Amino acid sequence: MQLTHRIVLTGASLGAALAPGVALAQTMDVSIAIPRLTVAEYHRPYVAVWIEAPGAPARTLSIWYDFDMKGDEGTKWLRDVRQWWRVSGRSLKMPADGITGATRAPGTHKISFTNGRGALGTLAPGNYTLVVEAAREVGGRELLRLPFAWPPKPGQTARAAGTSELGAVSVAFKR
């Protein structure tokens, strides 16, 4: 299953370095593997994806949870995605337009973000960390951090591998 978020980044911070009025559309492609677990009671994990930068508030890019439960009951377990909840989640009104999605079945899921507006916003040059956290009812939780520089160098990628609730996670950049 492939879910695509397209967010166009303006060239204000990136294009200004090259030539006035030139907009560079940089796309960040994120791949998240959710492993198939053999357990007595399996529940799909809640997954949060966000960006951190030194001295700046965290930016939530995507949150996968049971958003269509009666009475918004799925939101009461969002705080179990603990690190995300502390840095960003508790201040969001759910469902959050453009970032809320359903939980995902085991497999590899791809989401893309393009610099400029929406959840990603415009990234200023600097060092960032893409953070992916998963928490599962009657299961565990896991957090992976993938550092990257912005603007990305051609062919820049970052990869990490989970050991329980997450499999391989990668971020690749393209124009």
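What follows is calculated from the coordinates using simple rules that are stated; it is not laboratory data. Note that the structure is a prediction, hence the values are computed from the model and not measured.
Straightening the chain between Ser91 and Thr108 buys 3.2 nm, computed as 0.36 nm per residue apart minus the Cα-Cα spacing. Remark on region 33-150: ratio of C-alpha radius of gyration to 2.2 N^0.38 Å is 1.07. Taking 16 Å as the straight-line reach from the Cα of Lys110, the lysines in range (excluding those fewer than 8 positions away in the same chain) are Lys174.
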